[in-house]
Structure formats: structure tokens, C-alpha cells
Amino acid sequence: MLEPIESHLRAGEVLDAELIAVSAEATVGGRTLDHLLAGPRLRTRRRYARVVALRLLDAGFGLLPSFVAPHYSTPGVL
């Protein structure tokens with residue numbers, strides 16, 4: 001079950017035409033969600049969010065293959 005994000009947001013902070021980037025792991029090259037969650041970057045996380053890559057692209061984010069696969073950076077401009 002998904003948890004609303006609003007309780008995790010910082011109050012009173014506003015971005016004005018800023019570049020943002022989200023660090024992402026992708027289920028590419030035969031990798032599964034279970035594989036990603038057991039990997040070195042996510043296994044210590046207690047929470048994560050997942051989204052279909054097409055939704056990021058539709059929202060104006062790019063998907064840049066960065067660092068070592070299956071890592072991507074998703075830059076976007078607000």
C-alpha cells in the first residue's frame with residue numbers, strides 16, 4: 001500500500017525554476033524489483049517509491065543512464 005508523501009515534505013520551502021534530479025534504479029537487463037531491492041544501493045532503505053518510467057517521461061523528466069547499471073538519473077526542470 002502506498003503512503004502519502006505530504007507528511008514527509010519540508011514546510012515553507014519553494015523552488016523557483018530550479019533543476020532537480022532523482023536517483024533511480026530501473027528494472028532493465030532482466031533485473032526485477034526484488035533484485036533491485038536486494039542490491040547494494042537499496043537494501044538498506046526502509047522506504048522507496050516506484051513509478052513506471054513512462055510516467056516520468058510524460059511529466060517532463062529525462063532518463064539518463066548514469067553511474068553503473070541499473071542506475072539512472074532523472075533530471076527535470078520545475
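No lab work stands behind these numbers, since they all come straight from the coordinates. In this text, all values refer to a predicted model and were calculated from it rather than measured experimentally. Neighbour counts are summed over all protein chains in view; Cβ atoms, including those assigned to glycine, are modelled from backbone coordinates with ideal geometry.
In what sequence, highest mean first, do 28-36, 44-52, 66-74, 8-16 appear when ranked by Cβ atoms within 10 angstrom?
66-74, 28-36, 44-52, 8-16
If you place +1 on the Cβ of every Lys and Arg and -1 on the Cβ of every Asp and Glu, how big does the dipole about the Cα centre of the chain come out, in debye to the nearest 20?
Dipole size: approximately 440 debye.
Mind checking which of G39, V28, H71 is farthest towards the positive end of segment 17-77's charge dipole, using Cβ charges of +1 (Lys, Arg) and -1 (Asp, Glu) about the Cα centre?
With unit charges placed on the Cβ atoms, the residue in question is G39.
Residue by residue through segment 34-41, what is 3J(HN,Hα) from phi via Karplus (6.51 cos²θ - 1.76 cosθ + 1.60, θ = phi - 60°)? Round to whole Hz and write x for glycine and proline.
Result, ordered by residue: 4, 4, 5, 5, 8, x, x, 8 Hz.
For the chain, what is the convex hull volume of its Cα atoms per residue in Å³?
Considering the Cα atoms of the chain, their hull volume per residue is 123 Å³.
In whole angstrom, how far apart do the alpha carbon centroids of segment 45-78 and segment 9-35 sit?
Measuring centre to centre over Cα atoms gives 5 Å.
Nothing charged except the Cβ atoms of Lys and Arg (+1) and of Asp and Glu (-1): what's the magnitude of the dipole of segment 27-71 about its Cα centre? Round to the nearest 20 debye.
The dipole magnitude comes to about 280 debye.
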